[in-house]
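Everything below concerns the one structure shown next.
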Amino acid sequence: MPGFELFGDEERKEVNDVLETGILMRYGFDGPRKGIWKAQELEKAITETFGCQYAQLTSSGTAALTTAMVALGIGVGDEVIMPAFTFVASFEAVLSVGAIPVLVDVDDTLTLRPDAVKNAITSKTKCVMPVHMCGSMADLDALSAICAEHQLILLEDACQSIGGTYKGKALGTIGHAGTFSFDFVKMITCAEGGVVMTNDQSVYTKADGYTDHGHDHLGVDRGADLHPFIGYNFRISELHAAVGLAQIKKLNTFLALQTKNNHALKAYLETIPEVSFRRVPDGGVDSCSFLSWFLPTAEQTQAVVQELKAQGILAGNFYWYANNWHYISKWDHLKQATTLSRISAEQEAALLKLQTTQFNDSDAIMSRCISTAISLVWTEAQIRDKGLKLVEVIKKVLA
Ligand SMILES: *Cc1c(COP(=O)(O)O)cnc(C)c1O
């Protein structure tokens, strides 16, 4: 996944363009910036690369999710259905707009189970937010149909799946809006940054204003801008955008390397009949940032994790089930509603309820899953070494 592995002259050149003028801000200063508009250029590159009409850069992927929700009109008391396996940013964003995260089970796609989504719909449901985890995607046809039937918003958290596609469309461009993260470990990085993508002009205009204190950006004099609504500051800087601009130009190279390395590693694990792999929905193309695989039982999977640890080769193999950042089982701060300031009674009640909510279907999947992160810079010899060692450990546990 990490674009930072192939950081080089291209990034330095783009950043230097900005340093030459010293205009680090994305808006205004039209004269002294001498035609250098990195954030605007990156937004244009995003719309062209991923095939959406509008892109609004933000200061992070989390800010992109918050911005998307605000722009889609999601607010206090609205319920957002999201998966129990994701990154904490997904529920942070929901809570940030006053909405209520409703966590439901995932299936062997490692993303939302459509029937679990259906069962969770109430009169307060406003949005379904699939999170395309670990490079691949949710069953978007099924989720789109549910959203259409119940008049719900589909917001894709595609932060981890830049470059993946579904039925020919880029992940993140299929719902009413979608987001990417460009944080340091994502497929392409700005160091910190994110984007809201949409084909809805009104959602875009709101996102554009919201990320910059509600400025309407209609005039040439920033000081004279009107403020049609209250905004916030989620701006990206020109320095960050410059890094992203160099990275997006290399995306196809990243994806080709990643896919090749993923498939090469997979070939080793495929030799073991007990190993199965994460399901990619029909019509989907995995970005291949991770190779996610299952063993028949939770005990065997935990034994493999222990053995990898004992041999000092666990790094890069993620057992999300026991991971503090990604799965409901370890989100004690969420389940105890541990916030620094008061939240609404509705939000608090919803969070405390998670303590007694069962996620049996997700547990059955996640407790058997290991995701191996794919590096862009592995040599063939390194892949062979990793593949053979993984096979040896798995065979030892299964024996
Ligand atoms: C990285 C990530 C985010 C948030 O991105 P930041 O840029 O780190 O704020 C949101 N959702 C998922 C699934 C992520 O992996």
Right, Asp208: acidic (Asp, Glu), in contact (Cβ under 8 Å) with a residue 12 or more places away in the chain and not in a helix (DSSP H, G or I) or not?
no
Touching a residue at least 60 places away in the same chain (Cβ under 8 Å) and in contact with a Lys or Arg (Cβ under 6 Å, 6 or more places away or on another chain): is that true of Ser344 in this structure?
no
Any residue in the range 315-324 that is within 26 Å of Ile272 (Cβ to Cβ), among the hydrophobic types (A, V, I, L, M, F, W, C) and exposed (fewer than 12 other Cβ atoms within 10 Å of the Cβ)?
yes
Out of everything in the range 178-187 that is assigned to a loop (DSSP other than H, G, I, E, B) and among the aromatic types (Phe, Trp, Tyr), what residue ends up being nearest to the ligand (Cβ to nearest atom)?
Phe182
Restricting the search to the range 61-90, which residues are under 11 Å from Val196 (Cα atoms), of a type in the set (Ser, Thr, Tyr) and out of contact with any Ser or Thr (no Cβ under 7 Å at 6 or more places or on another chain)?
Thr62
Of the numbered conditions (1) in contact (Cβ under 8 Å) with a residue 12 or more places away in the chain; (2) away from the ligand (no atom under 16 Å from the Cβ); (3) not in a loop (DSSP other than H, G, I, E, B), Val195 fails exactly one; give the number of that condition.
(2)
Do we find that Lys260 is at pLDDT 95 or above, charged (D, E, K, R), part of a helix (DSSP H, G or I) and not assigned by TED's automatic domain parsing to the domain that holds Cys190 in this structure?
yes
Please go through the range 1-18 and give me each residue that is over 25 Å from Gly163 (Cβ atoms) and either in contact (Cβ under 8 Å) with a residue 24 or more places away in the chain or of a type in the set (Gly, Ala, Ser) (or both), ordered by number.
Asp17, Val18
So for the range 141-155 (the condition being within 16 Å of the ligand (Cβ to nearest atom), more than 12 Å from Gly61 (Cα to Cα), in a loop (DSSP other than H, G, I, E, B) and in contact (Cβ under 8 Å) with a residue 60 or more places away in the chain), does at least one residue qualify?
no
With respect to Gly244, is the statement that it is farther than 20 Å from Ile383 by Cα, away from the ligand (no atom under 16 Å from the Cβ) and not in a loop (DSSP other than H, G, I, E, B) true?
no
Among the residues of the range 375-384, is there at least one that is within 14 Å of Leu269 (Cβ to Cβ) and either free of Cβ contacts under 8 Å to residues at least 60 places away in the same chain or not small (Gly, Ala, Ser) (or both)?
yes
Mind listing whichever residues of the range 94-140 are touching a residue at least 24 places away in the same chain (Cβ under 8 Å) and acidic (Asp, Glu)?
Asp105, Asp107, Asp108, Asp139
Quick one: which helices (runs of 4 or more DSSP H) sit completely within the range 328-394 and have at least 3 residues that are in contact with a Cys (Cβ under 8 Å, 6 or more places away or on another chain)?
none
By residue number, the members of the range 158-177 that are away from the ligand (no atom under 11 Å from the Cβ) and at negative phi are Gly164, Thr165, Tyr166, Lys169, Ala170, Leu171, Thr173, Ile174, Gly175, His176, Ala177
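The values are calculated or read from the model by the stated rules, or taken from the named source; none is laboratory data. If you're wondering where the values come from, they're calculated on a predicted model, not measured in any experiment. Don't worry about glycine lacking a Cβ; one is built from the backbone with ideal geometry, like all the others, and counts go over all protein chains shown.
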